[in-house]
1. I'd like the antiparallel share, as a percent to the nearest 5, of DSSP beta bridges with both residues in region 112-307.
2. For the Cα atoms of the chain, what angle does the longest principal axis make with the long axis of helix 224-235, in degrees from 0 to 90, nearest 10?
3. Amide H neighbours of LEU279 under 5 Å, counting only residues 5+ apart in sequence or on other chains, H built in-plane at 1.01 Å?
4. Residues of region 220-258 with the amide nitrogen closer than 19 Å to a label point 7 Å from the Cα of ASP194, along Cα-to-Cβ, please.
5. Could you give the nm distance between label points at GLU57 and ALA79, where each point is 7 Å from its Cα heading toward the beta carbon?
6. What is the gain in length, in nm to one decimal, between GLU69 and SER42 on full extension, counting 0.36 nm per residue of separation less the C-alpha to C-alpha distance?
7. Residue by residue through region 93-108, which ³J(HN,Hα) values in whole Hz follow from phi under the Karplus form 6.51 cos²θ - 1.76 cosθ + 1.60 (θ = phi - 60°), with glycine and proline marked x?
8. Kindly provide log₁₀ I(q)/I(0) values, in the same order as q = 0.12, 0.22 Å⁻¹, from the Debye equation applied to equal alpha-carbon scatterers of region 127-215.
Amino acid sequence: MPDTRHHARVRLLSLLQSSGYRFVTPNTGTIRRMHRRGPPASPTLRDIFGWSLPFPEGALDPDFTESLEAADGLERTQAGLRSRLRCSSVGDLLFLHSAFPTDAADSVFLGPDSYRFANLIEATLMARTPEGPILDIGTGSGVGGLVAGARCPGSAVTLSDPNPAALALAAANAEHAGQTVQLCEARGYDAVCDGFGLILANPPFIAGGSGRVYRDGGDLHGARLSLDWAVEGMTRLRPGGRLLLYTGSPILTGGEDQLGRLLADAAREAGCSLTYQELDPDIFGGELGREAYQDVERIAAVGAVLTRPA
């Protein structure tokens, strides 16, 4: 039986694209500042679907309202109507994801890390396109897999995530992008095969136990999941295959990049080559006031490419 919500989400994306919609989602602090200004008298599509601001009855074209309601994306609040879905542009692609604030345990995130991840994928694939299928592990809204799929038409792409809400949005984003993908509801590498030409990973990397699947990165100041995904991922590559990891690395007091050192050790043990770069020296600085980060001086955004020998 056709999924009415899925078709409505695809239609909503088509309506937004036809309108010329573009929106780059900034960090949480910027969004909060915009919300403190209050909703505009005449909200635009960017106010409604980008900034997640409330809007009055009649502010949306009926086609948008109908699609949003059918997608289970419209809610009524004391401040007015509100979209439960947000839409961001990444390059030429549009992605539905969760509206602000992303407080629910199954919220589907997209933000500055997603743009850095997409840029890293583009730069890596410009040098060499993969031979073999592509896996985007912990796909969320599908940014990694769909950016790679657009760059590598004809490649088999699997989008894997433990969150059914994420896979539902990723499915709509993929259909709108004209890409046929395989969806896999799984945690980590559970339920996926071996022999990938390219594995893409943008794991959670914040320390602590918030219970939110897209936030908690385990021990090593939140770097454990990144290390584990990289170590197991190297065993899932075909000869010549690459694993591309975007994550946050806690730089310890004194300047030690512990994750970079551990990745180098793991690559050497697996017989893989590693390229590693710091993409942004200082992200999520607000976390550093927490007890878990008392011996961390900054969190850096890093990109790693691990290549299995041919």
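1. Details: 19 of 38 bridges.
Bridges in region 112-307 that DSSP calls antiparallel: roughly 50 percent.
2. Between helix and principal axis, roughly 70 degrees.
3. The list, which skips near neighbours in sequence, is ALA301, VAL302, GLY303.
4. Residues 228-244 qualify, since their backbone N sits under 19 Å from the label point.
5. According to this spin-label approximation, the distance is 2.0 nm.
6. Values: separation 27, 0.36 × 27 = 9.72 nm, distance 2.07 nm.
Taking GLU69 through SER42 to full extension adds about 7.6 nm, to one decimal.
7. Rounded to whole hertz, the list is 9, 10, 10, 7, 8, 6, 6, 7, x, 8, 8, 5, 4, 9, 4, 10.
8. Rounded to two decimals, the profile gives -0.34, -1.04.
Bear in mind that the values in this text are calculations on the coordinates, not laboratory data. This structure is a prediction, so every number in the text was calculated from the model and none was measured. Cβ coordinates were reconstructed from backbone atoms using ideal geometry, including for glycine residues, and neighbour counts include every protein chain displayed.
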